[in-house]
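The values are calculated or read from the model by the stated rules, or taken from the named source; none is laboratory data. Note that the coordinates shown come from a computational prediction; the quantities given were computed from them, not determined experimentally. As a convention, Cβ positions derive from the backbone with ideal geometry for all residues, glycine included, and neighbour counts pool all protein chains shown.
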Amino acid sequence: MNTLLNYKKTPIVTWLWPILFFLLLNGCASRLVPLETLPPDLGQRMEASHAMVSTAHPIASKIGVEIMKKGGNVIDAAVASSLAVGVLEPEMSGIGGGGSMVIWLQKERKAVMLDFYPSKRTRTYLNVSAKQGPDNLLVVGVPGMVAGLLYAHEKYGRLSRQEVMQPAIELATEGFPMYMTLHDMIESSKDKIKKYKGASLFLSDDKPFPVGKTFRQPDLARTLQKISDEGAGAFYEGEVAKNIISVLNAGQNPVTPEDFRGYKVLTDKNPLSGSYKGSILLTAAPPQSGMEILEGLNLVEPFDLKRIGLPTQSDSAFNILASAMRVHNADNRFINDPRWEEVPVSALTSKEYAGRRSKVFFDFPGPEKVSPAKINKSVAVGEPETAQQHTTSLSLVDEDGNAVALTQTNSSMFGSGAWVDGFFLNDSGFDFSRLDHKSENSPEYRTRKSTIAPTIILDADSTVRMIIGSPGGNYIPAALVQSIVYMLEYGMDPMAALRMPRIYAFASSPRVQIEKHIDGDVLQKADRMGYEFVMAKEGARIYVIKKVNGKWVGAADPRHEGGVAGY
């Protein structure tokens with residue numbers, strides 16, 4: 001029979017499995033909240049009547065709210081909070097990286113997507129061979145963060161550029177208390193960052209900056225001030241660009257001033273749209289991975305999951321979610337830069353297609369690997385999946401009902417490790433050496449496939465119901481699908497949904513990464529279906545805002561020190 005799963009066990013593995021998992025999970029019982037692994041003092045939840053911001057750091061969320069209280073709209077707040085997050089989490093994102101945002105303009109009933117992911121100019125890199133070495137910076141793309149944020153502000157913002165940038169400038173100048181997560185990430189990445197000038201800011205005698213001590217970034221403050229005074233040109237055409245190019249050229253990256261001057265925010269995209277349980281979804285278009293979110297929700301929608309039970313308590317619900325994840329993960333191989341390759345979005349996000357693909361959910365035993373769909377188009381060999389684990393996401397809504405879902409990233413922790421003028425450069429650039437077709441007539445720039453998927457969900461009357469996004473690399477699509485299902489199918493409060501144990505299943509293997517507190521009986525039954533299990537060591541961290549009984553409820557994932565603010 002044809003199916004998703006097949007796991008051959010020796011007799012000893014078969015009889016030991018229940019005992020091993022009982023010991024591993026310590027006899028855990030099913031429950032919603034609170035989870036022992038996520039104590040009540042972690043994560044933040046807040047209700048507000050007018051506006052809300054949910055980000056990876058409480059200071060950044062507060063800055064966004066203060067901007068709105070001063071008369072700014074959701075775009076002003078998003079720019080201010082985004083820049084602040086880059087100051088507070090330099091390892092995750094910053095002006096040396098990029099991202100994308102989905103915007104909902106309530107008065108116009110209009111959805112907008114801005115793609116400002118790091119890109120590479122084809123002419124510069126097409127015939128450059130990848131070179132290995134400790135100082136190889138060929139992975140760096142032209143950063144899009146400054147261009148994207150300032151385009152959004154100029155087009156849709158209300159306050160001045162100086163007003164929205166000032167909080168981040170002050171934060172970099174005056175500093176903030178070093179916190180444990182940043183301290184630990186400096187420690188784990190010190191070999192990467194100590195090769196560059198900025199190492200002295202983060203390390204002293206090979207030790208990370210002390211927890212609790214005020215951490216200041218004067219070079220970053222000066223760069224932000226320059227951009228505030230002069231605009232995006234200060235970054236892409238002035239001294240900052242010159243300094244970046246100098247560092248990259250020394251690291252085997254042939255980037256040119258023309259590459260920087262020619263960088264453009266992609267403003268002509270529409271967000272992908274779909275539906276789930278009567279709600280309208282607006283999410284990031286390729287080469288970002290909103291397509292996976294739509295496909296995943298389409299795959300599970302026909303099943304009455306609320307009646308079947310929670311995936312933590314029902315083996316049937318567990319299998320439906322895990323199988324859906326494996327299918328949409330298999331199909332993500334079709335996601336690429338649409339300027340270079342046709343992406344079969346309509347086919348892969350249709351309800352009819354999901355209905356056909358979901359027929360394999362209960363067919364056992366079968367292959368260990370799920371194959372991509374057979375689509376009537378040829379697809380070039382894509383890049384291998386990359387972690388992109390070190391990312392951040394922001395969700396915001398203002399008192400007029402306008403909303404922003406924004407995800408931004410350096411890609412890896414501290415990006416490439418190269419530090420210039422106060423910030424780290426990404427390692428998000430497309431690897432042209434992997435192309436199996438090369439042409440001088442190819443599009444001018446190419447952007448790498450990414451798993452980021454900022455998403456806005458509307459009610460049937462076109463008012464905002466939810467804003468949601470997440471960092472977490474390859475874990476992002478599965479985490480977002482689960483959280484949306486918990487809120488819209490099971491009717492959970494946002495924080496309850498974020499506190500649910502997550503599972504992560506991928507096409508390449510029947511192995512499922514699980515968090516604690518899934519019913520042991522469910523795991524035993526899923527094991528008999530053919531699944532393997534391993535405890536999840538990493539995952540996603542979701543920042544969400546949802547309309548509940550006429551109020552905004554914001555939640556920051558308890559797996560990280562995020563924060564929410566509102567009024």
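Before moving on, here are some points about what is shown:
- Selected residue [in a helix (DSSP H, G or I), at pLDDT below 95, small (G, A, S) and more than 17 Å from Y475 (Cβ to Cβ)] from A347, A285: A347
- Residues in the stretch 292-326 that are in contact with a Gly (Cβ under 6 Å, 6 or more places away or on another chain) and either touching a residue at least 40 places away in the same chain (Cβ under 8 Å) or not assigned by TED's automatic domain parsing to the domain that holds E532 (or both): L294, A324.
- Any hit, the stretch 199-211, residues being free of Cβ contacts under 8 Å to residues at least 60 places away in the same chain, in a strand (DSSP E or B) and surrounded by 18 or more Cβ atoms within 10 Å (Cβ to Cβ): yes
- Qualifying residues in the stretch 351-401 (those that are modelled with pLDDT of 60 or more, out of contact with any Phe, Trp or Tyr (no Cβ under 9 Å at 6 or more places or on another chain) and surrounded by 16 or more Cβ atoms within 10 Å (Cβ to Cβ)) - the one farthest from H328 (Cα to Cα): D398
- Scanning the stretch 478-510 for residues being touching a strand residue (DSSP E or B) at 6+ places or on another chain (Cβ under 6 Å) and surrounded by fewer than 20 Cβ atoms within 10 Å (Cβ to Cβ) gives a total of 0.
- Of all residues in the stretch 296-308 being in contact with a Phe, Trp or Tyr (Cβ under 9 Å, 6 or more places away or on another chain) and part of a loop (DSSP other than H, G, I, E, B), the one that is surrounded by the fewest Cβ atoms within 10 Å (Cβ to Cβ): F303
- Candidate set: the stretch 395-433, residues that are among the polar types (S, T, N, Q) and not in a loop (DSSP other than H, G, I, E, B); chosen: the one nearest to H50 (Cα to Cα): S395
- Answer residue from the stretch 318-333, given it is of a type in the set (A, V, I, L, M) and at pLDDT 90 or above and is surrounded by the fewest Cβ atoms within 10 Å (Cβ to Cβ) among those: I320
- All positions within the stretch 179-218 that are closer than 18 Å to G415 by Cβ and among the hydrophobic types (A, V, I, L, M, F, W, C): L182, M185, I186, I193, A199, L201, F202, L203
- The criterion of at least 3 residues that are within 25 Å of E89 (Cα to Cα) and charged (D, E, K, R) is met by the following helices (runs of 4 or more DSSP H) wholly inside the stretch 217-268: 218-230.
- Scanning the stretch 511-553 for residues that are buried (at least 20 other Cβ atoms within 10 Å of the Cβ), within 18 Å of the chain's Cα centre (by Cα) and at pLDDT 90 or above yields A540, R541, I542, Y543, V544, I545.
- Applying the criterion of at least 3 residues that are in the same structural domain as R109 (by TED's automatic domain parsing) to the helices (runs of 4 or more DSSP H) found wholly in the stretch 454-567 leaves an empty list.
Every residue, every condition in (1) more than 16 Å from the chain's Cα centre (by Cα); (2) aliphatic (A, V, I, L, M); (3) buried (at least 24 other Cβ atoms within 10 Å of the Cβ), yes or no:
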position	(1), (2), (3)
L105	yes, yes, no
P118	no, no, yes
L138	yes, yes, yes
M145	no, yes, yes
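- Helices (runs of 4 or more DSSP H) contained in the stretch 137-188 and holding at least 2 residues touching a residue at least 40 places away in the same chain (Cβ under 8 Å) and either on the phi > 0 side of the Ramachandran plot or polar (S, T, N, Q) (or both): 161-174, 180-188
- Total residues in the stretch 292-334 satisfying the condition of being aliphatic (A, V, I, L, M), touching a helix residue (DSSP H, G or I) at 6+ places or on another chain (Cβ under 6 Å) and within 21 Å of S100 (Cα to Cα): the figure is 1.
- Residue under evaluation G233, criteria (1) assigned by TED's automatic domain parsing to the domain that holds N426; (2) closer than 30 Å to T124 by Cβ; (3) of a type in the set (G, A, S); (4) touching a helix residue (DSSP H, G or I) at 6+ places or on another chain (Cβ under 6 Å), criterion not met: (4)
- Among the residues of the stretch 464-493, the ones that are within 18 Å of the chain's Cα centre (by Cα), of a type outside the set (V, I, T) and farther than 16 Å from A317 by Cα come to 10 in all.
- Test: residue in the stretch 232-254 that is crowded, with 17+ Cβ neighbours inside 10 Å, modelled with pLDDT of 95 or more and farther than 18 Å from A147 by Cα: yes
- Residue check, N336 surrounded by 18 or more Cβ atoms within 10 Å (Cβ to Cβ), in a loop (DSSP other than H, G, I, E, B) and out of contact with any His (no Cβ under 8 Å at 6 or more places or on another chain): yes
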